[in-house]
Amino acid sequence: MRRYLAVTAALMLLCLTPVHADEAVPLTDDPVTEERVHKLGEELRCLVCQNQNIADSHADLAMDLKKELREQVSAGRSDREILDFMVERYGDFVLYRPPFKAITVLLWVGPFALLLITVFALARRLRHRAVLAARANTLNADDQARARALLADEENKV
Amino acid sequence: MNRFLWPLGIFIVLAGFLFAGLYLNPREVPSPLIGKPAPAFTVAQLGEQGKMFSPTDMKGKVWLLNVWASWCVACRQEHPLLVELGKSGVVPVVGLQYKDEPEAGLAWLREHGNPYVLSAQDRDGRVGIDFGVYGVPETFVIDRNGIIRHKHIGPLTPERLRDEVLPRVRELEAS
């Protein structure tokens, strides 16, 4: 029985393998080209599955764009030229690192501005608390006299 | 008092942003091609042996380029609308059959109706890449000089056609 199960499992595994066949994208022979294609693919957003880059995505469009990248890299175009090609067609949104422009200022500067404001507010608050604490620790003349009297009292008792 | 006002203020601002975000569609990415000439291409026409199509063939006319495919489910949704538009003859609609087999496309048009003056075949998706197509169906409004004036991503609805696409077409035809 057990042997049958093992054989069945093996057969099922064999059946499963062809499913992955189309992940093996036609590669160029040149590892340097592949490396560049992969690097560029990581910079580009797949617009079909927006939170994935083209290098990772298996969407049809991402496959086509990878093919396009491969051809352009093989044709000797520079990274800049290839990224410009994509931006001309799909807009800045296709770049995972959008350029610094008037409309992307908030995107780039926003987090740092927020951090600065928070640090400033925190510093002010801490300073304010330090002042309050210092004030709470200082006793006026009357309190000091009372404290001294109380302490003296304690000592006398012992 | 200040202690509670600050977090409340921040909460309201944040909630405002998030609420506005609910109504934004991340799939609608503004096309950088608007205001630019339609990319040039020459491809075979669907079902017309030996005939080719190039956007320059439409020079002097305001026209729509509708990207469709027989495998595209959302295309079925907008198709009746296009068929109606095709019949009305308000504006010529050219189809771009995107990454599809000719036979499948012809069968699909027989079944659902053919609103297109012609369909250009983009079998390997090259033309689609040049037009920045990423979500079929897509519809482009192209003016007399071959400049792209408007792009609609996803299936057209009667409202979007009436309020956005057709006014654009009329405006371009009047100019």
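The values are calculated or read from the model by the stated rules, or taken from the named source; none is laboratory data. Keep in mind that what you see is a predicted model, and the values were worked out from it rather than measured. We place every Cβ from the backbone using ideal geometry, glycine too, and count neighbours over all the protein chains shown.
Being in contact with a strand residue (DSSP E or B) (Cβ under 9 Å, 6 or more places away or on another chain) and within 14 Å of chain B (Cβ to nearest Cβ) is the filter here; which residues of region A:37-52 pass it? Break it down stepwise before answering.
Looking only at region A:37-52, we keep the residues that are in contact with a strand residue (DSSP E or B) (Cβ under 9 Å, 6 or more places away or on another chain), and these are A:41-46, A:51-52.
The answer is A:44, A:45, A:46, A:51, A:52.
So residue A:91 passes all but one of these: (1) at pLDDT below 90; (2) surrounded by fewer than 14 Cβ atoms within 10 Å (Cβ to Cβ). Which condition number does it fail?
Only one criterion in (1) at pLDDT below 90; (2) surrounded by fewer than 14 Cβ atoms within 10 Å (Cβ to Cβ) is unmet by residue A:91, namely (2).
Hey, among A:134, A:130, A:75, A:141, which residue is without any contact (Cβ under 8 Å) to a residue 40 or more places away in the chain and within 30 Å of residue A:43 (Cβ to Cβ)?
Details: A:134 fails: within 30 Å of residue A:43 (Cβ to Cβ); A:130 fails: within 30 Å of residue A:43 (Cβ to Cβ); A:141 fails: within 30 Å of residue A:43 (Cβ to Cβ).
Residue meeting the stated conditions: A:75.
Output the number of residues of region B:61-116 satisfying the condition of being touching a strand residue (DSSP E or B) at 6+ places or on another chain (Cβ under 8 Å) and of a type in the set (Phe, Trp, Tyr).
Of the residues in region B:61-116, 4 are touching a strand residue (DSSP E or B) at 6+ places or on another chain (Cβ under 8 Å) and of a type in the set (Phe, Trp, Tyr).
When you check residue A:79 against the structure, is it in contact with a helix residue (DSSP H, G or I) (Cβ under 9 Å, 6 or more places away or on another chain) and among the charged types (D, E, K, R), yes or no?
Yes; evaluated as a whole, the condition is true for this residue.
Conditions tested, residue by residue: (1) at pLDDT 95 or above; (2) under 17 Å from residue B:88 (Cβ atoms); (3) buried (at least 16 other Cβ atoms within 10 Å of the Cβ); (4) within 14 Å of chain A (Cβ to nearest Cβ).
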{"position": "B:125", "(1), (2), (3), (4)": "no, no, yes, yes"}
{"position": "B:135", "(1), (2), (3), (4)": "no, no, yes, yes"}
{"position": "B:140", "(1), (2), (3), (4)": "yes, no, yes, yes"}
{"position": "B:151", "(1), (2), (3), (4)": "no, no, yes, yes"}
{"position": "B:154", "(1), (2), (3), (4)": "no, no, yes, yes"}
{"position": "B:163", "(1), (2), (3), (4)": "no, yes, no, no"}
{"position": "B:171", "(1), (2), (3), (4)": "no, no, no, no"}
